[in-house]
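Readers should treat all values here as calculations from the given coordinates under stated rules, not as data from a laboratory. These numbers were taken from a predicted model, which means no experiment stands behind them. Glycine gets a Cβ as well: all are built from the backbone with ideal geometry, and neighbour counts include every protein chain shown.
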Amino acid sequence: MNSVISTRDLTKVYDVGDEVSIVALRGVSLNVAPGEFVALTGPSGSGKSTLMHLLGCLDLPTSGQYFLNGKDVSRLTSRELARVRNTEIGFVFQGFNLLSRTSALENVELPLLYAGNMPAAERRERATEALKAVGLGDRLGHHPNQLSGGQQQRVAIARALVNNPTLLLADEPTGNLDTKTSIEVMGIFQRLNIERGITIVLVTHEADIAEYGTRIITFRDGIVLNDTAIENRRIA
């Protein structure tokens, strides 16, 4: 079975000034199989968010290789990378990143607008189905300021799903939520993983949130410290 994600000796070095550089990743090699739910953990500055940006094709490594669904990302043109980001990867961020003057439905439609060549009626139907999938079928016309934090994150998850990606990347998706709402949001991720088979990679610094996945990879100082399968995952 082909991996959704395969990295080989990924390194990332940031130049921050005259002859000053920070090594964020130090030769990371890992594979993620279809249908896995992987939690990346570790202290601030450990490299987990840097890896997330590389996996999302938002940045390029200094050296090493990254294969996404069998494609060598380093060989893709900027246009091809943009297409991959919009059609193969769904992104969920800690800050929701919703347009404040736009309804939930219109926020979810955005990736379909960027893709182009889709009739308005089909965009609306797909966005509606995505919002129903996260329990917001009755909030289509609500703007972000009319929604709770948990509901805004659900809209963000629906937006990430609307293009039927093979990979969902979530960067501290519960960081702005209370405990009860965090559990509800993790329940959505688990259902998407179990029922739809979507591969999920989630960054979190919270140990209890990581336990909702099927595998925990712990980073420290830019390397993988531990890579452990979870036999009895926490169920939301």
Condition first: surrounded by 13 or more Cβ atoms within 10 Å (Cβ to Cβ), part of a strand (DSSP E or B) and charged (D, E, K, R). Now tell me which residues in segment 1-40 satisfy that.
R8, D9, K12, R26
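So that you can scan it fast, the table gives a plain yes or no per residue for (1) under 22 Å from V185 (Cα atoms); (2) more than 15 Å from the chain's Cα centre (by Cα); (3) buried (at least 17 other Cβ atoms within 10 Å of the Cβ):
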| position | (1), (2), (3) |
| --- | --- |
| S74 | no, yes, no |
| T77 | no, yes, no |
| A82 | no, yes, no |
| G90 | yes, no, yes |
| N107 | yes, yes, yes |
Determine if segment 208-226 includes at least one residue that is part of a strand (DSSP E or B) and free of Cβ contacts under 8 Å to residues at least 12 places away in the same chain.
yes
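Could you check segment 120-147 and list, in sequence order, the residues that are in a loop (DSSP other than H, G, I, E, B) and β-branched (V, I, T)? Even if it seems obvious, please write down each step before you answer.
Going residue by residue through segment 120-147, those that are in a loop (DSSP other than H, G, I, E, B) are 134-143, 147.
Residue satisfying the conditions is V134 alone.
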Selection from segment 212-232 of residues that are charged (D, E, K, R), in contact with a strand residue (DSSP E or B) (Cβ under 8 Å, 6 or more places away or on another chain) and farther than 14 Å from P43 by Cα:
R215, D227
Looking at G150, G141, can you tell me which residue is surrounded by fewer than 16 Cβ atoms within 10 Å (Cβ to Cβ) and either closer than 20 Å to F91 by Cβ or touching a helix residue (DSSP H, G or I) at 6+ places or on another chain (Cβ under 8 Å) (or both)?
G141
